[in-house]
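Data first, discussion second: the structure below is written as structure tokens.
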Amino acid sequence: MIGDTPTAITGAAAIRLLPENLINRIAAGEVVERPASALKELVENSLDAGARQIDMVLRDGGRTLIAVSDDGRGMTAEEMSLAVERHATSKLSDDSLTDIHTLGFRGEALPSIGAVARLSITSRTAAGETAWALRVDGGRKGAARPAALGRGTRVEVRDLFFATPARLKFLKTARTELSHAQDIVNRLAMAHPEVGFSLSDGTRTLIKLPPVGDDPWTGRLERLGAIMGRDFATNALPIDARREGLRLTGYAGLPTLNRGNAQHQFLVVNGRPVRDKLLFGAVRGAYRDFLAHDRYPLLSLFLDLPPEMVDVNVHPAKTEVRFRDAGLVRGLIVSALKHALAEAGHRAATSVSETALGAFQAEGGGVFGNTFSRAGSFSPNTQSRELSERAAIFHAPLPNLDGAPSARADGASPNEAMEGGAAEAYPGAYPLGVARAQLHETYVVAQTKDGIVIVDQHAAHERLVYERMKQALASGGIKRQGLLIPEVVELGVDDAARVLARAGELDELGLGVEPFGDGAVVVRETPALLGAVDVQKLVRDLADDLAETDDALALKDRLGDVCATMACHGSVRAGRGLNAQEMNALLREMEATPHSGQCNHGRPTYVELKLADIEKLFGRR
């Protein structure tokens, strides 16, 4: 029998109560995982005490010293003595664990830190005649004694984990621990821009954030810019949405401002910075149409909701929360982000232009000069001879670009077409200007009121086709065109079965497929929006997409991936010569289409260079 095996009874002992000091150390292990954890608890105490300036010092990554000074309310000798006892707190208005209006409430931070380190607290209230100091060494509390200090509190934690040496072995290098501490301070500083923060390693200042103005919008953006970078502040979209007692505010970056990880995605719930998987899922859903799967937008969101709708007591370190209605929160985040992205229109991040200018300047102007020497100038009459010679032969016109005819009947080149009415239009009348040239049959160059715009014609039109497909699907269905001769596509048994299993859903997207023997399908209809497409490649790419899809996930739920694949095949390809009307029609539709500043993978569709920046390249400024 299992109970008779030696392993079942090895180590058995009588049940006993643990000593108090050991209980405290176990509790400390839950709260104080590393120096940054202790720092977080102390800073939250300062914020709850109404501090307006918090100064921190960490030496040796926090191993030898963690010092936090604030100008908050302070404590009396009696309050200080009680504060280092377990389960003592001033942060609960009553005995309810759901009515939480502070950052910390467990009542374990100070006693837990004192159980594994040498803790000293010095504090003075505004009405106090003197300050008081108290020490706790490895769980042994001393008596309060008079000390010298202005209003506020100073807490010093020395020799962290000296009482539990085994924990020291799990700490990383001083630099790594300091990096974790910086992340904690930055997150708290985002949530409380009205408070000044400084962090030093004892020799140099690592963080210095003065308190910002009282305006909740400008002050918050100023603080976010100081932490997340100037690019974020310049390219952030304001978020302000309400739903059923919830309010979501903050800023989200344009899709073209993205990173390779999610480290710059922040969520603050009722003033408490948290790491929540719900946020990452909601953000991915909102940006799905605009970013590749391995790219992440920058954003900082602040969620305010009634305390009874969120449980902040689910994690010892208070880094996670649980929402009573997670679906409501997720829906609010997704809809608010999508609305902000739609409001952005064709706008792209300014960092795109700055990167382009940096590339020009990388070789002291040589790159820019060589570009001009090869392509001449941007004057329509001086484009390359090769472009002029080939421009008389055009392919089909741009699909569904109103007022954009195919090549002129007289065989005029794009240069000559530029001399028509389009070239006479005032560039300042349009945000993306007026087309002046096409370079390498791939890039459209337009003149704006105060600069130039360079458009990637394939990426731009891919986004336009994609948005048209979404609108058509939402308004009742995508129009289709029958193929004069149905096309048979050989896929292989598995891929063919996968495509045919979704034939009904593909039909709603305008693609009619039927079985055609083993491992093959026949395509009879394609979406009219795509125009003439390579059916073979389109179906094969869709089969590859479906191979990576959860079978239970409807194609409409992953519309971004499927339509993006179709749009890519239906868009104007690089290497296609365009005339003036076609180029200007592309620019006008970009201006009228949301999200046209980036393709379906988050890459920019155009680069805008201001005249002032161009003049700097030539030394005119």
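Here, each number is a calculation from the coordinates, and none is a lab measurement. Please read all numbers here as calculations on a predicted model, not as lab measurements. Every residue, glycine among them, receives a Cβ derived from its backbone with ideal geometry; neighbour counts consider all protein chains shown.
Separation of the alpha carbons by more than 26 angstrom is noted, of LYS277/LYS470; LYS338/LYS449; LYS141/LYS172; LYS169/LYS208; LYS338/LYS470; LYS40/LYS141, for LYS277/LYS470; LYS338/LYS449; LYS141/LYS172; LYS169/LYS208. Other residues lying with their Cβ under 12 Å from the Cβ of VAL489 contribute a combined charge of -3, Lys and Arg counting +1, Asp and Glu -1. Quick note on the stretch 216-343: its Rg to Rh ratio, both from C-alpha atoms and Rh being the Kirkwood radius, is 0.94.
With the convex hull of its Cα atoms as the shape, the stretch 116-186 has an orientation-averaged projected area of 6.2 nm².
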